[in-house]
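Remarks on the structure that follows.
Bear in mind that the values in this text are calculations on the coordinates, not laboratory data. All figures in this text were calculated on a predicted structure; none of them were measured in a lab. Cβ sites come from the backbone with ideal geometry, for glycine too, and all protein chains shown count toward neighbours.
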Amino acid sequence: MDCVYCGEPLTIDDLARHDCGRADELTDPTDGVCELYQRLVVQPYVTLDDAYRSTFHDEHKRDEQLHQALSYLVTGPPLSTTTTSVAPRRHALAHHHAQLFMAAATATLMRVKSGDDNDNDYLHYRQPPLGYTLLAAVCRQATRAEHVVPLLAALSLPTVTPHLTLEENCWNRYDKVILSDVSIVSKPQLLKALEQAIVKITFVRDDAADGYDALKVSSSFLWKDKDEFVVSVLHVISLSLLGGDGGGVAVALPPLSQSDAGSWLPRLAQLVAVELDRSKGDPAFEVAKALDRVKSNPLISFTATRLARAFPIALEMKMGECVKCGLFVPRDCTVHLGGRELCKVCYEVTALEFVNFEGEQKNFEENSRHHALTIKNFHTIIKREIKDSVTRSIAKMEENKNFDKRFHCPLNASHQNPFHAPMPEHLTSSISGAPVGVTCPECSNKWCSQCRFAYHPYSRSCSEVLRAKLEWATYSDVLKNNANNALCDFDSEVSAFKLASTDRPAALARRRDRVTHEIRRIEACIVKKDEEIQQIQHANHNELNWDGDTGYPKVKGSRRCPHCGRQPIRRLAGSDVVVCGANMHGGGNFQGGCLRQFNYVSPEAAYQPMSTTRQEGERRELEAALSKLVHLKKTLEDQSTTTSFPPPALADHWPTLSCSDCKKKLLGDFHVQCYHCEPPFLLCVHCVRSGKHNDHAKHGDAGHVFARVICSSH
């Protein structure tokens, strides 16, 4: 390929390092990387997998170093390097743009390296440069998978994204001020003028906008709503007022994972109003100028704001060392195999070695147990085909093995010989699926004989604990978001109370706006919950009325394994005896299951409709919260400017309980409780917002997870 700037012939490797002196010019929108990210914004369909696969053909040697580096920038499985029927190249980049992406991705990684000649030095440091963790945090702040590729393209240009490589002391910590209860004093008339200018900002939400209107397409693609768009505009203003356009100063904002932008947007506006007061700026003029900059190059403004919101995450990012390749990578890119920590790319290689090993494997039971735990506990970052291959391999090797029906202690891998714990007298209780505790007499670990996880006495069933374990990353973020939203709402009430002493109408208006925003959010949650309930009911109807059975006697409806509860199961032939998850004769075609035989036509194997009790309960909670907010909004609308403004206070529903970490009272409408710890381990909303529930939770069968405890009257 020839350089798009000077025309010099270059190989793909040369392209990433070529510098003809024009690489940073943006005057011609068709030049180099600018052409690439314009194409990605106008036609935003390419994921990082698609982009990387499109950078090589079968005759080109794959760049494994780039493959590793890009895989560690994002969570989830390693990037695909081949095109299969499962992952077709529907959205692969054109050849010209694929080469530009290769150059842009390499240039971005070169920007954050440690500075000497080794291309991947940042992966050899226990504490990598801030630029690398910031780059990884930016990719994790992408609200959709297709954002990562244009973000990398924009971050490859130092002149337009200079904040990527700034030192920590160059960042203004607006995020700390915004999420704190520190009072922000700004001139009321200046803040009011700024808010009036913000209200006039328009935002296009049409994802199916005219393909020829790049602004409409890019706006609906990059920003999910007007609040996010306004944050970008205010961020541009703050950088301009602080002199950060040249890259010497940056502004940090709250991360996406902590709260919706709408909950802290008023405090950001107050900070900008303070800066406007210092610089004697005109709010309407500054908003119009910033809006023009955002519209003229939306991706650059979007990337700068994502950098600002990624900075707090980068400072807290934990690294782990892979024992196989020796690289230090983000902790969420590592898996545990037995007692070893591996990066997800090296685990992929290790798993394939386990699957493809010919002959009798040494320590098969131990290896298979380790792999089974790994693909269960780290399923979100392991490729599906790898998980399926490992599962099939274990099932095949155990096909002719005679299992001892007594209990094995599942929580102590250090036992030289599996210890057989005594069978409990009762495997069931009055509540179906309730935990049944068994204590191993050798190691004293207590575990549940129903699900083989750590004993969880504070749960109604094993299924809710299993769901929390399998979805812990998402579940943990939800708990943190709930705590942060509750405290942000309280902070807003405190701010309104303080404002009431100087500007009571503005304080009432602020409370009404916040309540209106919360009402809309809960209404959207109720709609989603209704859709979830309808999907479950639709699935139940389809499975109960399935009439495709070809066997004899013919049965109506799908079936359920009476041993492990797996469903739906449908037979392909007439045999009454089937195996859960595999072919009856000769094994193979493993699809997950306990591999135990059962009678397909027996009443015990009938399909059991999935319950919507949990979803309906959550919907009732949302409706109750909505009813209170609607009543509060009506009260606020009826209030006059002379109505008293009561000081806000967090509810005290559990006066006799205290937080197990900070030892303070459990204030607020909810707290969290560990399913497993005896005596109960409780955390208040302040500790949950600080992530203390993640510090307590651990991976593996013995790991602990939390439940949210809501006040019954809330």
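Numerical summary
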read-out: Sequence-distant residues sharing a close amide H with HIS653 (under 5 Å, placed H); value: GLY668
read-out: Neighbourhood net charge (11 Å Cβ-Cβ; Lys/Arg +1, Asp/Glu -1) for ILE710; value: -2
read-out: Cut-off under 5 Å, modelled amide H: who pairs with VAL578 long-range; value: PHE598, TYR600
read-out: The stretch 451-601 shape via C-alpha gyration tensor axes, a/c threshold 1.5; value: prolate
read-out: Residue pairs, from the table LYS226/LYS289; LYS469/LYS692; LYS224/LYS295; LYS387/LYS528, whose Cα atoms sit over 20 Å apart; value: LYS387/LYS528
read-out: For PHE706, PHE453, PHE670, order by how many other beta-carbon atoms lie within 10 Å, fewest first; value: PHE670, PHE453, PHE706
read-out: Protection proxy ranking, peptides 160-170, 655-665, average beta carbon neighbours within 10 Å, highest first; value: 160-170, 655-665
read-out: Least to most buried among TRP223, TRP654 (fewest other Cβ within 10 Å first); value: TRP654, TRP223
read-out: Contact order relative to length of the stretch 173-317, as percent, for alpha carbon pairs under 8 angstrom and 6 or more apart; value: 37
read-out: Which of THR635, THR391 has the fewest Cβ neighbours within 10 Å, and the rest in rising order; value: THR635, THR391
read-out: Tensor-based shape of the stretch 289-332 (alpha-carbon gyration tensor, a/c under 1.5 rounded, otherwise prolate or oblate); value: prolate
read-out: Neighbour net charge for LEU253 - beta-carbon separation under 12 angstrom, K R +1, D E -1; value: +3
read-out: Greater than 24 Å apart at Cα, pairs in LYS633/LYS663; LYS318/LYS480; LYS383/LYS556; value: LYS633/LYS663; LYS383/LYS556
read-out: Sequence-distant residues sharing a close amide H with VAL709 (under 5 Å, placed H); value: HIS671, VAL672, GLN673
read-out: Around THR550: net Lys/Arg minus Asp/Glu count, Cβ-Cβ under 11 Å; value: +1
read-out: Those lysines that a straight Cα-Cα span of less than 17 Å connects to LYS192, excepting residues fewer than 8 apart in one chain; value: LYS200, LYS280, LYS498
